[in-house]
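Only one structure is covered here, and it is reproduced in the block below.
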Amino acid sequence: MNGIVAIDGPAASGKSTVARRVALALDALYVDSGAVYRGITWAALERGVDVYDSEAVMRMLGLLSMRFSACDGAVGFTVDGAAPGNAIRTHAVNHAVSPIAAMPGVRIQVVTWLREMVALGPLVMEGRDIGTAVFPDTPHKFYLDALPEERARRRHREMAESQSPLDEAAVGASLKRRDLIDSSRKMDPLQVAPNAHRIDSTSMCADDVVAAVLAAIEGEG
Ligand code: CDP
């Protein structure tokens with residue numbers, strides 16, 4: 001595989017687990033595009049920028065230095081020289097990220113950065129608009145989904161490991177809110193790309209999803 005694998009889908013549909021493992025199997029770099037939107041959101045919250053004020057967010061973005069590099073099989077980034085790590089996965093970032101990701105100026109900048117990553121090597125990139133807007137010409141497009149209850153259960157389990165106080169119903173409500181903003185925004189909303197392989201992972205284990213993705217890529221040459 002010498003190009004790009006695009007894996008899109010709603011929040012907590014299993015994209016990260018699957019994309020990481022597909023990247024490893026194909027000796028490609030894993031890219032979490034959501035982490036880039038989260039990094040911008042984290043920077044805005046740290047600086048006290050109003051996350052609903054697109055002019056203020058764009059002013060901040062213009063002053064921000066985001067640098068991307070490949071390390072340990074994935075593309076990571078720093079914001080003004082520091083790696084934000086798990087600080088991009090807090091409840092505050094979860095709440096503010098979709099409004100920020102709906103701003104056209106933010107999307108134009110992030111899509112440019114994501115496209116520049118092809119210079120680093122073959123990529124397995126997960127997100128919301130990879131097959132529709134970032135790399136619409138790749139033949140390897142996937143849309144992962146799972147029932148909302150199952151996604152809430154998975155995300156709650158993940159968050160409980162980091163001692164989040166939210167219960168499963170609150171996690172489900174937060175995912176639902178993000179899905180709604182992500183799929184109804186004007187620019188590059190979350191939708192199934194034409195010709196994408198749709199996989200409903202509700203009752204599949206990760207091994208089976210990874211095998212299905214690899215078999216489809218193999219068939220596409
Ligand atoms: O991991 P999770 O499914 O919770 O979300 P994520 O991939 O970390 O993405 C966080 C947010 O970034 C999403 O809810 C979208 O608002 C935004 N995003 C986007 O707009 N486009 C992408 N390609 C990736 C993420």
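How large is the dipole of the chain about the Cα centre if only Lys and Arg carry +1 and Asp and Glu carry -1, each at its Cβ, rounded to the nearest 20 debye?
Using only the charged Cβ atoms, the result is roughly 380 debye.
Using a/c under 1.5 as the rounded threshold, could you call the chain rounded, prolate or oblate? The axes a ≥ b ≥ c are square roots of the C-alpha gyration tensor eigenvalues, and prolate needs a/b larger than b/c, oblate otherwise. List each step's numbers first, then the result.
Values: a/c = 1.58, a/b = 1.20, b/c = 1.32.
Here the chain falls in the oblate category.
Once you sort the root eigenvalues of the Cα gyration tensor of the stretch 74-163 as a ≥ b ≥ c, which label holds: rounded (a/c under 1.5), prolate (a/b larger than b/c) or oblate (the other case)?
Values: a/c = 1.68, a/b = 1.25, b/c = 1.34.
Oblate, because a/c is 1.5 or more while a/b does not exceed b/c.
Quick check: pseudo-label points 7 Å beyond the Cα along Cα→Cβ at Arg198 and Asp53, how many nm apart are they?
Going from the Arg198 label point to the Asp53 one covers 4.2 nm.
If packing is taken as the mean number of other Cβ atoms within 10 Å per residue, what is the order of 66-72, 209-215, highest first? Mind dumping the intermediate values first?
Details: 66-72: 12.1, 209-215: 18.0.
Per-residue Cβ counts within 10 Å, averaged per peptide and sorted highest first, yield 209-215, 66-72.
Among rounded, prolate and oblate, which fits the stretch 174-221 when a ≥ b ≥ c are the square roots of the eigenvalues of its C-alpha gyration tensor, a/c under 1.5 means rounded, and a/b larger than b/c means prolate? Please report the intermediate quantities before stating the final value.
Working: a/c = 4.12, a/b = 1.62, b/c = 2.55.
Taking the square roots of the gyration eigenvalues as a ≥ b ≥ c, the stretch 174-221 is oblate.
Just tell me which lysines come within less than 16 Å, Cα to Cα, of Lys141; anything on the same chain fewer than 8 places away is out.
In chain and number order, the partners are Lys15.
Positive end of the dipole of the stretch 4-212, charges at C-beta (+1 Lys, Arg; -1 Asp, Glu), about the Cα centre: which of Leu123, Phe68, Gly48 has its Cα farthest in that direction?
Gly48
Tell me which aspartates and glutamates have Cα within less than 18 Å of Lys186's Cα, excluding those fewer than 8 residues away on the same chain?
Asp8, Asp53, Glu55, Asp129
Under 5 Å between amide H atoms, partner at least 5 residues away or on a different chain: which partners does His140 have, H built in plane at 1.01 Å?
Here the answer is Ala6, since their amide H atoms fall under 5 Å of that of His140.
What whole number of Å gives the distance from the Cα centroid of the stretch 176-221 to the Cα centroid of the stretch 82-140?
Each part reduced to its Cα centre gives a spacing of 15 Å.
Could you pull out every residue, at least 5 positions away or on a different chain, whose amide H is within less than 5 Å of the one on Ala12? Hs are placed 1.01 Å off N in the peptide plane, and Pro or chain starts have none.
For Ala12, whose amide H was placed from the backbone, there are no distant partners under 5 Å.
Read the figures in this text as sums done on the coordinates, not as results from a lab. Everything numeric here is computed off the predicted structure, so don't read it as measured data. Cβ sites come from the backbone with ideal geometry, for glycine too, and all protein chains shown count toward neighbours.
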